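A quick write-up on the structure given underneath.
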Amino acid sequence: MNIRKKVTAPARHSSVDEFLSLSEAERERIWESYNRKIHFSETRPLTKAEAKLEAKAHKKATRGRPRIGQGAQRVQLTVEGGLLKMADAYAAKHGLTRAQLVARGLRLAIAS
């Protein structure tokens, strides 16, 4: 019979636990050292690795749907059921989304 003993890793002491174990006065002193304005002379240029991370973070901010024209606005409409079914069938047949079909219809109505 093969009996395996479960080996557990020793508990790690996190920096949060370490901070919370300090006295209230010591925690306040540490907090005040961070809760201040930082003068420009205390800063330094980003390292290549930091610049790469920053660029990656900014790139994520631009993800999502591309802005078209002045951007999109969500609108709630009530449409007769039969007309909506016909519109959806037309859109599917022509490779359009419902929103694209409605936008085309609005442009045609405004142009005439």
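Values quoted throughout were computed directly from the atomic coordinates according to the rules given, and no laboratory measurement underlies them. Worth saying up front: this structure is predicted, and the values here are computed from it rather than measured. Because the Cβ atoms are built from the backbone with ideal geometry, glycine has one as well, and the counts that use them run over all protein chains shown.
Structure notes:
- Checked against the criterion of being among the charged types (D, E, K, R), in contact with a helix residue (DSSP H, G or I) (Cβ under 9 Å, 6 or more places away or on another chain) and surrounded by 10 or more Cβ atoms within 10 Å (Cβ to Cβ), segment 95-103 has at least one qualifying residue.
- The set of residues in segment 32-79 that are under 30 Å from residue 101 (Cα atoms), loosely packed, with under 10 Cβ neighbours inside 10 Å and more than 16 Å from the chain's Cα centre (by Cα) comprises 67, 68, 69, 70, 71, 73, 74, 75, 76, 77, 78.
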